[in-house]
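Step one of this worksheet: look at the structure below.
The values are calculated or read from the model by the stated rules, or taken from the named source; none is laboratory data. Remember, predicted model here, so these are calculated numbers, not experimental data. Don't worry about glycine lacking a Cβ; one is built from the backbone with ideal geometry, like all the others, and counts go over all protein chains shown. Side chains included, ligands, DNA and RNA excluded: accessible areas come from the protein's heavy atoms. Shrake-Rupley method; radii C 1.70, N 1.55, O 1.52, S 1.80 Å.
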Amino acid sequence: MVLNKKVAQIFYEIAQLLDLIGDNPFRLRAYERAAMRVESMPEDLEEYVLQDKLEELPGIGKDLAEKIKEIYRTGTLKQYEELKQKVPSGLLEMMSIPGLGPKKIKLIYDKLGITTMEELEKYAREGRLRSLSGFGPKTEENILKGIEFLKRSKGRLPLGQVLPLAIDLRRYIEESGLVKRVDVVGSIRRFKETVHDVDILVVTDSPREIMDRFVRYPEVEEIIAQGEKKSSIIASGVQVDLRVFDEECYGAALLYFTGSKEHNIRVRQVCIERGLKLNEYGLFRGEKRVAGASEQEVYSYLGMQWIPPEMREDQGEVEIALQGQLPVLIDLEDIKGDLHIHTVYSDGTDEIETIVKKAISLGYKYVAITDHSPSLAVAKGMTVEKVRRQAEEIARINRRYSKIRVLLGMEVDILADGTLDCPEDVLNCLDVVIAAVHSRFKMGREEMTNRIIKAISHPKVNILAHPTGRLLGERDSYEVDIERVMRVAKEKGVAMELNASPRRLDINSEMCRMAKEMGVMVAINTDAHSHQQLDYMRFGVGTARRGWLEKKDVLNTLESDRLMGFLRKER
DNA sequence: GCCGTTTTCGGCCCGACTGTTTTCAGTCG
C-alpha cells in the first residue's frame, strides 16, 4: 500500500509541475487520473507490478505502467527528479493559493524571480506585482487573501464537520421564503468522506434578494464573489457557493454540480456519441433543449437509469446504468440495529437504558452493548465482575422492553501477538464479540496482517471493528493487507465493520466494494459513545452506498433471528 | 499520456466570473 501512496503523490506532483511549465493539459490530466486511480483502489499496487497487469487498470497505459515499475524498483522517477530541478518547490506551493494558477505563477517567476511564498507575500503587500501585465491592485489583494486563507484552512475536512454547516445554510436560505427549491450538491450530496467546499443550488424569482441574504449569513467571514447567478463566501473557514437556476434546467444543474467531475465527463462522452450536448442548462440537440427539468429526465433521455449521487465517481456506474443493471443500494431504513455501542461501563457517557430508548426511537429491532475489554485502561475497560453486572442489567432491560433485543457484547482488544484480551469463559457468555486493534499501530504490514488474522480466526469473534484504524485527517491507517484479512473473514464467518463515526468511516467505500465482491458481510456500526451518536448511522450508510452495498451485503439489515444465526456461526 | 461501435491519430467537458483589458486570459468548478 506504500507503493499506491508513493505513486499517487509523485503523479499528482508531476501533473502540477507540467502545469507550471505549460505542458499539454491533457497529458497532465492523464497523470492526475492515474494518481486518483491508484490512490483510491483498495488493492495493493505492488501485486499489479509483480503480476505485470498494471495496464489492466483504466487510465494506465504503457508509459505510466513503466513509470510505476520504475518507482517500485528505485523508489522514485528520473523524469520527476528532473522536473523538480527545473521548477523551484516554492512554485508548487503557490499552486494551492486560491485564485492563483500556473500562468500567473510562471509570470511571477519569470519576470520577478520570486520562488517562495514569503517573497510573494512581500511583493504583493508592497504593491510590486502590478507591474506585470494582467496584474493589478485587485490581483495583489486576492493573492494576499488567498495566502491568508491557506494559512487558516486545514484543506479537506471530514464530512461530519461540514455537514452541520451545510444543513444550517440550507435552513437559513429556506427561511427567507424566497426560494422554490434548495439543494446541497457537490461532494456532500455524494457523501464523500472529506469535503473542501459547500455547493448549494436554488430556484427563485428573486435572485438579487437571495444573494443579498446569502452574503449576510451570520457566520460569513469573507465575500469572494457576488453576482446574480453565482455568489461565493467563506463561512466557518469553508468556501460556500450558491447558484441560481430556472426550474426547466434545474435537473441538469443538479447533475452538473453534484459531480463528480469524472462522472460528468463520462456522461458527456455518452452525449457526444448520441450527437447531444450536456451542460448545466440542459441536454441539447443542436439549439433545442431536449431534457433538463429533472436528473431523471436527463439520464433517461440518454437511455440510462438514474444513478444515485453516491455512485457518481466514474467507477463503472455509467456503463452499468446504460445496461439497466444498477444495484439497489442500501437505505437508512434497511438498518435494523447497531452492533457497536459504548456505555458508562467503559468510556461511554450514557446508561444502557438511555441507549436502548434511543434505539427504540430509531425503530431498531436489536442493539449490542459492546464496552471495551480490560487492557484498554484509558477507556476504563471491563473486568469480569463488571461483565457480570452488565449481563444482569441487560437481562432486566430485555424483560422490560419487548420491542427490542439487547445483546451482550464486548469490543475486545487484539493484543500485539493476536490473542484476545478476554478470558475464554467470559467470551463464551457474550452474544457478540467485536475484535479491534487499539495499540502498537506502527507494526509492519506482515506482522499486523498476521496479528489480525489470528484474532479473527478465534471461533468467538463476529466482527472486526474499524479494520484499518484510520482517523480522518488525524491518523493514517496502520499497514495491513486488507484483502488477505477479508479472505479469512469470509472463511471464518466474520463481518467487516464499516465504522460509521465520521472521524473514521473505516472500512472505506472502496473496501466495501471489495468486501461485496468477495462475499464478506459488512456490519455498519456507529461505535457510539453517547445516545446521540447513534445518529452517525447515516454516515455509515452513505459510505456503504458509495461502496455499492445492497441490503443483502449488510449484516445489521438482517431480522433478529437470522442475525443470531450469523453470530452463532450456523451455516 | 490515454484511448478506440466516427480505432492507431486526433480527439480529450464546458460555461461563469474576475480583473484586467479594450476584446480577453486566467482560474475555477
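Looking across the range A:524-540, the residues that are in contact with a strand residue (DSSP E or B) (Cβ under 6 Å, 6 or more places away or on another chain) and part of a helix (DSSP H, G or I) come down to A:534, A:540. Taken over the range A:522-560, the criterion of being touching a Leu at 6+ places or on another chain (Cβ under 6 Å), more than 22 Å from residue A:41 (Cβ to Cβ) and open to solvent by 30 Å² or more (accessible area, probe 1.4 Å) is satisfied by A:538 alone.
Within the range A:94-131, the residues that satisfy the criterion of being within 14 Å of DNA strand B (Cβ to nearest atom), assigned to a loop (DSSP other than H, G, I, E, B) and farther than 20 Å from residue A:28 by Cα are A:114, A:127, A:128, A:129, A:130, A:131. Looking for something in a loop (DSSP other than H, G, I, E, B), out of contact with any Pro (no Cβ under 6 Å at 6 or more places or on another chain), buried (at least 20 other Cβ atoms within 10 Å of the Cβ) and of a type in the set (Val, Ile, Thr) - is there at least one such residue anywhere in the range A:343-366? So far as the range A:343-366 goes, yes, one or more of its residues are in a loop (DSSP other than H, G, I, E, B), out of contact with any Pro (no Cβ under 6 Å at 6 or more places or on another chain), buried (at least 20 other Cβ atoms within 10 Å of the Cβ) and of a type in the set (Val, Ile, Thr). The listed residues are A:274, A:266, and the only one of them that is under 26 Å from the mean Cα position of the chain (by Cα) and within 10 Å of DNA strand B (Cβ to nearest atom) turns out to be A:266.
Within the range A:185-199, the residues that satisfy the criterion of being over 20 Å from residue A:474 (Cβ atoms) and not in a loop (DSSP other than H, G, I, E, B) are A:185, A:186, A:188, A:189, A:197, A:198, A:199. Within the option set A:140, A:174, being free of Cβ contacts under 8 Å to residues at least 12 places away in the same chain, farther than 24 Å from residue A:503 by Cβ and either out of contact with any helix residue (DSSP H, G or I) (no Cβ under 7 Å at 6 or more places or on another chain) or of a type in the set (D, E, K, R) (or both) holds for one residue only, A:174.
The helices (runs of 4 or more DSSP H) located wholly in the range A:242-342 that include 1 or more residues which are touching a Gly at 6+ places or on another chain (Cβ under 7 Å), touching a residue at least 40 places away in the same chain (Cβ under 8 Å) and under 29 Å from residue A:41 (Cα atoms) occupy A:250-258, A:295-301, A:317-322.
Scanning the range A:207-226 for residues that are outside any helix (DSSP H, G or I) and in contact with a strand residue (DSSP E or B) (Cβ under 9 Å, 6 or more places away or on another chain) gives A:217, A:218, A:219, A:220, A:221, A:222, A:223, A:224, A:225, A:226. Among the residues making up the range A:541-563, a single one is acidic (Asp, Glu) and in a strand (DSSP E or B): A:550. In the range A:53-93, which residues are in a loop (DSSP other than H, G, I, E, B), surrounded by fewer than 18 Cβ atoms within 10 Å (Cβ to Cβ) and within 7 Å of DNA strand B (Cβ to nearest atom)? Answer for the range A:53-93, where residues must be in a loop (DSSP other than H, G, I, E, B), surrounded by fewer than 18 Cβ atoms within 10 Å (Cβ to Cβ) and within 7 Å of DNA strand B (Cβ to nearest atom): A:58, A:59, A:61.
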